[in-house]
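Asker: Supplied in structure tokens, the structure appears directly below.
The values are calculated or read from the model by the stated rules, or taken from the named source; none is laboratory data. Source: prediction; values computed, not measured. For neighbour counting, all protein chains shown are included, and Cβ atoms are generated from backbone atoms with ideal geometry for every residue, glycine included.
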Amino acid sequence: MRVMAMLPTYNEAENIRPLLTEILALGPEYEALVVDDHSPDGTWKIVEEMAQADPRVHLVHRTAERGRGSAGVAGLLEAARLGADLVVEMDADFSHHPRHIPDLVKAEERADVVVGSRLVKGGGERGRSLARRFITRFANLYIRLVLWLPVRDCTSGFRVFRRSALMAMGLERMTSNGPAIVQEILLGARRAGCRFAEVPILFEERRAGRSTFNAKIMLAGLLAVLAFRFRRPRR
């Protein structure tokens, strides 16, 4: 079984080498695919160097497109094209720690989509302010109510997908280019009849670098979720 970790990146040069090293150390069945939007700090150059030394490392270097949403979709489609049986979607800043990956992969025995969850028993957050924790809980309550999603942590970008689920959810028709792609993918999976499971994780504040998250991005994401609720599925 081929398990491929898919990581959208932008300016993660300080994190990417040690992170990929830890992912590949999980076992010979593990691979990594980085989708980089031509990071000014040279993240893609580091991945390119690692890919030349190890065939389990793959790079999609995007020089024209930008955005977390389109990068995530491109990465999931490319991982499926490369023949991965399971695709692990995760951030590249160590907030999603590789030590959780085996538990997420194991849960795929009973589900098509597994969410690494902060909001189930055993899950949590470390290094984040009380305000950020409140925002996480409020956003998830709002998203669950609006989209009727069967998971508690709808904002988690740490997920595992069966290849069959990726092929069924209509990724090529998704339009979000920001963080709302996380919810659009969950909605597509629900509409495709996928089975869900949640596994507890500890979400940790990024190890190095700077986050691009801000209030404007959060508001745009919440409005996008409302639009999803009333938009007819594309065919």
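Asker: If I ask for residues that are over 12 Å from the mean Cα position of the chain (by Cα) and either in contact (Cβ under 8 Å) with a residue 40 or more places away in the chain or under 14 Å from Met1 (Cβ atoms) (or both), which ones from the stretch 81-92 would you list? Spell out how you get there, then give the answer.
Answerer: So the first thing to find is which residues in the stretch 81-92 are over 12 Å from the mean Cα position of the chain (by Cα), and the list is 81-86.
Matches in the stretch 81-92: Leu82, Gly83, Ala84, Asp85, Leu86.
Asker: One residue is enough: does the stretch 184-194 have a residue meeting the conditions part of a strand (DSSP E or B), surrounded by 15 or more Cβ atoms within 10 Å (Cβ to Cβ) and modelled with pLDDT of 95 or more?
Answerer: First, the residues of the stretch 184-194 that are part of a strand (DSSP E or B): none.
The answer is no; no qualifying residue exists.
Asker: Applying the selection to the stretch 195-207, what residues are surrounded by fewer than 17 Cβ atoms within 10 Å (Cβ to Cβ), modelled with pLDDT of 95 or more and farther than 18 Å from Thr136 by Cβ?
Answerer: Within the stretch 195-207, just Arg195 meets the criteria.
Asker: Also: Give the residue that is surrounded by the fewest Cβ atoms within 10 Å (Cβ to Cβ), with candidates limited to residues of the stretch 84-112 that are more than 22 Å from Ser39 (Cβ to Cβ) and in contact with a Lys or Arg (Cβ under 6 Å, 6 or more places away or on another chain).
Answerer: Filtering first and then ranking leaves Asp85.
Asker: In the stretch 125-170, which residue that is at pLDDT below 95 and either of a type in the set (D, E, K, R) or assigned to a strand (DSSP E or B) (or both) is nearest to Lys106 (Cα to Cα)?
Answerer: Glu125
Asker: Of everything in the stretch 36-75, what is farther than 23 Å from Arg173 by Cα and either among the charged types (D, E, K, R) or at pLDDT below 95 (or both)? Give them in sequence order.
Answerer: Hits for the stretch 36-75 are Asp41, Lys45, Glu48, Glu49, Asp54, Arg56.
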